[in-house]
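For reference, the structure is listed below as structure tokens.
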Amino acid sequence: MKVTCDHVGIFTMNAKAMKEFYANALGFETGSESILAKALVNDIFGVAADCRFVKMHKDGFVLEIFEPQSSELKARMTNQVGINHWGYCVPDRATLVQKLRRNGAPLIELERNDHIVYFLIDPDGNRIELRQCLT
């Protein structure tokens, strides 16, 4: 099976600076921006704060930028900036999820925008978003 990474998620304390850097240095384009609700951010990342969520893209690759909206949380999280998760594409996500469950792998399952999102947690707590590849 071919391993495909289709996106990387980065936590930052300054989404504006990150957008400018990736646009100017590497030619990424901004796709969408929104605020993710505190409950969703907590379910996915264990961070209890609303987050600015910026999607940038280039050549089929997506960069997801997350900025906590709480100044108190920003002060506490300064050592947690950087790569937060990466997207792992597989041809049959359902089969992989079943296998991981049978093996007792730590999974986060949640509903977002009318579909199920899965994150596999590695031994160091890194999150790997399991995605169904379309190609």
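No value in this document is a laboratory result; all are computed from the given coordinates. Here the structure is a predicted model, which is why all the values come from computation and not from measurement. All Cβ positions, even for glycine, are placed from backbone atoms using ideal geometry, and neighbour counts span all protein chains on display.
The spread of Cα positions in the chain, taken along each principal axis and listed from longest to shortest, comes to 41, 33, 29 Å. Computed on the range 4-132, with alpha-carbon pairs under 8 angstrom and 6+ residues apart, the relative contact order is 26 percent.
When both bridge partners sit in the chain, DSSP labels roughly 75% of those beta bridges antiparallel.
For the pair residue 17 and residue 122, a Förster radius of 25 Å applied to the C-beta separation gives a FRET efficiency near 0.30, rounded to the nearest 0.05.
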